[in-house]
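Here's the structure, in structure tokens; my notes come after.
The values are calculated or read from the model by the stated rules, or taken from the named source; none is laboratory data. Keep in mind it's a predicted model, so treat the numbers as computed, not measured. Here the Cβ positions follow ideal geometry from the backbone for every residue, glycine too, while neighbour counts run over all protein chains shown. Quick note on the areas: whole protein, heavy atoms, side chains included, nothing else; ligands and nucleic acids left out. Shrake-Rupley method; radii C 1.70, N 1.55, O 1.52, S 1.80 Å.
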Amino acid sequence: QPAGNNTTLGCKSVEIQSNQSPIGALDTVVSTGINVNVAGWAYDPDVAATGSINVMIYSNGVHLTTVPANRPREDVNEVYRRPKGSLSGYSMNIGWLPVGNHNVCVYAVNSLAGTNPLIGCKAVRVG
């Protein structure tokens, strides 16, 4: 034990937040003939900057696919003050939607227990 008295420098209360919801955006849903490209970004504050989360893509309420949000998005990193090189972008070409109108929605998959928030919906016409 060190000699002498311990000097109190001060105390502060802190709140540790855990299980924050993921955030993101559906930037574009673009149809070129029978192909639809879905792109945007998503990240979960509970995941280290070097990691990524998945997003689930739906059309008219039907799950189409799940893809990783693991592409560079420096614009997102700057706005949300994430470390340079953090990964949050996603892009998926979908070529199996039938001709007609579709409401494409994307959900960010929570890395911990909790809900998977809707991060956007856009209407698109295929064909």
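Numbers below:
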read-out	value
For the chain, cysteines whose Cβ has no other cysteine Cβ within reach (under 4.7 Å)	11
Heavy-atom accessible surface of the chain: percent carbon and sulfur, 1.4 Å	52 percent
Computed over the range 1-53, Kirkwood Rh from alpha-carbon pairs, angstrom	16.2 Å
Dipole moment magnitude, nearest 20 debye, the chain about Cα centre, only Lys, Arg, Asp, Glu C-beta charged	140 debye
Positive dipole terminus of the chain, leading residue within 124, 89, 59 (C-beta point charges)	124
Accessible area (Å², per residue) of the chain, counting only protein heavy atoms and a probe of 1.4 Å	62 Å²
Ordering of 84-94, 113-123 by packing [mean C-beta count within 10 Å, highest first]	84-94, 113-123
Ranked by how many other beta carbons lie within 10 Å on average, peptides 22-32, 70-80 from highest	22-32, 70-80
For the chain, the Rg and Dmax computed from alpha carbons only, in angstrom	20.4, 81
Distance in nm between pseudo-label sites at residue 121 and residue 6 (7 Å out along the Cβ direction from Cα)	5.6 nm
